[in-house]
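The values are calculated or read from the model by the stated rules, or taken from the named source; none is laboratory data. All values reported here derive from a predicted model rather than from experimental measurement. Here Cβ is always computed from backbone atoms with ideal geometry, including for glycine, and neighbour counts include all displayed protein chains.
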Amino acid sequence: MGSGTGADAALVLAAQAGDAGAFGELYERYRQPVYRYCLARSSSSHEAEDLVSEVFLKAMESLARYRDQGLPFIAFLYRVARNAAIDRSRRDRGASLFDMTIEPRSSVDVEGDAARASDMETVLAALRKLKPEYREVILLRFVEGYSAADVATVLDKAEKAIWNLQQRGLERLRKELKRSGAQVLAGLAVDR
Amino acid sequence: MNDDRLLFALKRLGDEELSARSDRKIRTRLETAWTVRALTMARRGLGVRRLVPVVAALVLFAGSAGTALGATADSPLWDTRVALESAGAFLRLSNDDRVAYLLDLVRSRTDEATRQQAAGHPDAAAKARAAASSALVQLGDNAPKIETSVPPPAPTASASPTPVPSASPTPAGSATPSSTASPMPAHTVVPTPTPVRTPTPTPVRTEPPVTTATPAPTKQPVTITGTVHDASGASVFNVCISTSPTPPTSSTACSVRTTTNGTYTINASATTGTSYTITLYAYFTDPATGALSSGSATATMTAPTTVMPLITLTPRR
């Protein structure tokens, strides 16, 4: 995470000065991690895509007020995403957590796509049942691959707290997966 | 399930990516929002010249401005083209240039609508027409305002007890500088004569033209704000606010969109001494169902800041 921080700061400054290209570069860098974060907090890939759009629009609106305090820009985006997801879930209260659908990646490997989508649905559904603080830590640690120290920076928590959240989050996730674990295990066995 | 398997499953989530189609849609939305933001900042007084790097940088954001500017209304780059062209108006430093440029835009977009209609692409034609309307609105903001109700005073007989025919600056013939400056065919511009003061032979010089002259109309920034609610009274985010009574066919047809708390703010300019009655239309497409709801509000603008009545969305048809 640290490697891009200096470059991010320069891009943010340029974007604040009105350089659309700089903002475009920030979007280019972070659209995928933001999408995955949104995906874990949404009930469908369509909703996650809408949320990504909302996150970057809000980031654009807040750009003038953004001050570099040593935090990576992605930390700011994750916070915007978290707030946007909370706002949206308040608005869409009542929507099912289980109506998740994953669009097949291509039309060529239909069977592979279906198996993959099934695994993804199970893992995502389990992930979505966790408390947001567990979900965020697991997502950032194991999906995005950040170190515990980086996650601590992003979430503004102590590193020790991150380890604890990770431990408890994984336990809960295992429990959730046990309920529907057969499908995931089958899927993993095929993949390995 | 052991940890290895669980971690493997989680890592696979990292392969999930935003689809190319959604990526394009988001980029277009961001480009439009960026342009609107830049225009709003410019209107707030940051200066036209500052927009030069903004618009130049849009090239990088869009990938290729050359491609975008040649895009037809049935192309995915059409919205980018419209955004770039609209921003381009602010690069014209003189009002006359800007008006001429916007007139060209109206014409080219109308031509594009005709072409698309003839080619059997009604959706693309509608997009082009919406863009032409948007350029017309921009044109209306920039065109010289005409005060037809108050004729310019002729500093003649009643003003001066000793009428001297040759000294009367009647707005005739070559003394009408603004008639050629405005390329607006739809309007007949009533020239406000700039009294060219040829030396008056009479030494007694009363100044009736100065004291009774209508002040030249000046533009001042105005802000129009309001809120949009749904039928249940909840604020609605991302509602398209437009001056058009017909639903927008592209995001650029929206003047602004509501923020997360359902409010909107439009920054514009208005001619002093002119009363405006504004009607704004709100359009919202439910992302889940695709159902369109709309509402409108009308207000008379009497102060630099106008708060519109609440717009409540109701389903259309």
*For the stretch A:144-174, how many residues meet the condition of being modelled with pLDDT under 85 and among the basic types (Lys, Arg)?*
1
*In the stretch B:281-313, what count of residues is obtained for those that are assigned to a loop (DSSP other than H, G, I, E, B), β-branched (Val, Ile, Thr) and more than 20 Å from A:GLU47 (Cα to Cα)?*
1
*Search result, residues across the stretch A:87-120 that are at pLDDT 55 or above and within 11 Å of another protein chain (Cβ to nearest Cβ)*: A:ASP87, A:ARG88, A:ARG90, A:ARG91, A:ASP92, A:ASP119, A:MET120
*Check A:TYR66, A:TYR78 and return the single one that is modelled with pLDDT of 85 or more and more than 8 Å from chain B (Cβ to nearest Cβ).*
A:TYR78
*In the list B:THR265, B:THR252, which residue meets the criterion of being in a strand (DSSP E or B), β-branched (Val, Ile, Thr), at pLDDT below 85 and within 19 Å of the chain's Cα centre (by Cα)?*
B:THR265
*Some residue of the stretch A:45-54 being more than 9 Å from chain B (Cβ to nearest Cβ) and within 21 Å of A:ALA149 (Cβ to Cβ)*: no
*Can we say B:THR259 is under 29 Å from A:SER62 (Cβ atoms), assigned to a strand (DSSP E or B) and within 14 Å of chain A (Cβ to nearest Cβ)?*
no
*Within the stretch A:2-10, is there a residue that is within 9 Å of chain B (Cβ to nearest Cβ) and either over 15 Å from A:PHE73 (Cα atoms) or in contact with a Phe, Trp or Tyr (Cβ under 9 Å, 6 or more places away or on another chain) (or both)?*
no
*Looking at B:SER19, B:SER64, which is the one that is at pLDDT 80 or above and either under 16 Å from A:GLY18 (Cβ atoms) or within 14 Å of chain A (Cβ to nearest Cβ) (or both)?*
B:SER19
_Filter pass, B:ALA73 being surrounded by 21 or more Cβ atoms within 10 Å (Cβ to Cβ), at pLDDT 50 or above, within 14 Å of chain A (Cβ to nearest Cβ) and closer than 26 Å to B:PRO247 by Cβ_ = no
